[in-house]
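The structure appears right after this line, and notes come after that.
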Amino acid sequence: MTLTELRYLVALAREKHFGRAADVCNVSQPTLSAAIKKLEDHLGMTLFERRPREVRVSAEAEPIIHQAQRVLEQAELLEQLADKQRDQLSAPLRIGAIFTVAPYLFPVIVPQIRKAAPQMPLFIEENYTHVLRTKLENGELDAIIVALPFSGGGLVRAKMYEESFSVLLPANHPWTNQKSIRPDQLLDETLLLLGEGHCFRDQVLELCPAIDSSKQKHLVQIEGGSLETLRHMVAGGLGITILPNSALRHNNYSEDTFAVRPFIKPVPSRTIALVWRDSFPRPKAIEMVRQAVPKEGLSR
């Protein structure tokens, strides 16, 4: 069993296709196929279910592939330890963030990261939580920024900041006469929410129990939308919405377009955290990302 075979194994598990995996590994498909067959013979088990257009990881192979990823990471760590000239802040860093965080956090932390490590290539991605989790576990991302709670073995979580939720209203809305909003008031309004798949939508529904899609008189769900889509619809007078406070100060509208009102106590909030594999061999890069977040967070 060689590290090369393990790289082929992890690539095939990720790509689920011999041709694509071979391209990723820069080898011919027969070479990769032969190496996988040799590895299966050595282990005495079938690692993949072969199908005409794709392959699937067998249930028994899941822990083996996970361990193979860890072995490759440890091998990378050995190389770094052996090469004292290699700088943890010079290799590329791949960071992902959920859709409701990325547009507001990345413009703040990326300049700080570039300033602290100008030689380090930085690749960023925004996606759904479940997609980011898979990419992190597969080694396609080095760290991800998500909302807690976030479960998963072999992962380290570190709080970055906490932020409250507020109600975004059209400037002429009657609620502008109120200092704060009760969650049960939302039942009588046209409420704009993100569609299923967005964790922020789930957080809003969980932290504001009064919001119930079965009871809501006028609920508009934006499938595949973003917080900016919700903002644009509020600006157009199509309803009200709930935003995390980090998103309140990022818009190109005049100040008299919107009104913002907090919830009554207890105010709903969320905790944003940085998550990485406990085997990731570059702790200095992780710490640099953590330090790039302002101590006061992204509050308005």
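Taken together, the values in this text are just the output of simple stated rules run on the coordinates, not laboratory data. Predicted, not measured: the structure shown is a model, and the values here were computed from it. Methodologically, a virtual Cβ is constructed for each residue, glycine included, from the backbone with ideal geometry; neighbour enumeration extends over all protein chains shown.
Every helix of 4 or more DSSP H residues in the chain counts as -39500 (n - 2.57), and over all residues that averages to -11500 deg cm²/dmol at 222 nm. Karplus-based coupling profile of segment 115-130, in residue order and whole Hz: 5, 6, 9, x, 8, 8, x, 10, 10, 10, 8, 10, 6, 6, 4, 5, with θ = phi - 60° in 6.51 cos²θ - 1.76 cosθ + 1.60 and x standing for Gly or Pro. The 3J(HN,Hα) values that the Karplus relation (6.51, -1.76, 1.60; θ = phi - 60°) gives for segment 30-37 are, in residue order, x, 5, 5, 4, 5, 5, 5, 5 Hz. Gly and Pro appear as x. At full extension, GLN29 and ARG290 could sit 89.9 nm farther apart than now, given 0.36 nm per residue minus the alpha carbon distance. Here the relative contact order of segment 3-82, from alpha carbon pairs under 8 Å that lie six or more residues apart, stands at 32 percent.
Modelled spin-label separation between LEU148 and ASP278, with each label point placed 7 Å from Cα along the Cα-to-Cβ direction: 1.7 nm.
At a Förster distance of 22 Å, what's the computed FRET efficiency of ALA91 paired with GLU5, Cβ-Cβ distance as r, to 0.05? After rounding to 0.05, the efficiency reads 0.40. For PHE123 and GLU54, a Förster radius of 22 Å and the Cβ-Cβ distance give a FRET efficiency of 0.25, rounded to the nearest 0.05.
Set the bar at 22 Å for Cα to Cα. Now go through LYS179/LYS295; LYS179/LYS265; LYS135/LYS159; LYS16/LYS284; LYS159/LYS284; LYS135/LYS295 and name every pair that lies beyond it. Check vs 22 Å cut-off fails for LYS179/LYS295; LYS16/LYS284; LYS135/LYS295. Take every DSSP beta bridge whose two residues both sit in the chain; close to 60 percent of them are antiparallel.
Rounded to the nearest angstrom and listed largest first, the equivalent-ellipsoid semi-axes of segment 3-82 from its Cα gyration tensor are 21, 15, 11.
Taking amide H positions as modeled 1.01 Å from N, with prolines and chain starts lacking one, the residues under 5 Å from SER166 and 5 or more places away or on another chain are LEU243, ASN245. Close amide H partners of ALA117, meaning residues 5 or more places away or on another chain with modelled amide H under 5 Å apart, do not exist here. Sorted ascending by nearby beta carbons within 10 Å, beginning with the fewest, SER254, SER164, SER180 become SER254, SER180, SER164. Short to long, the 10 Å bins of the Cα pair-distance histogram for the chain hold 6, 23, 26, 20, 15, 8, 2, 0 percent of all pairs.
Residues whose amide H lies under 5 Å from that of GLU126, counting only those 5 or more places away or on a different chain, are ALA97; hydrogens are built 1.01 Å from N in the peptide plane.
Taking 0.36 nm per residue of separation and subtracting the current Cα-Cα distance, fully stretching the chain between THR176 and GLU40 would add 42.3 nm.
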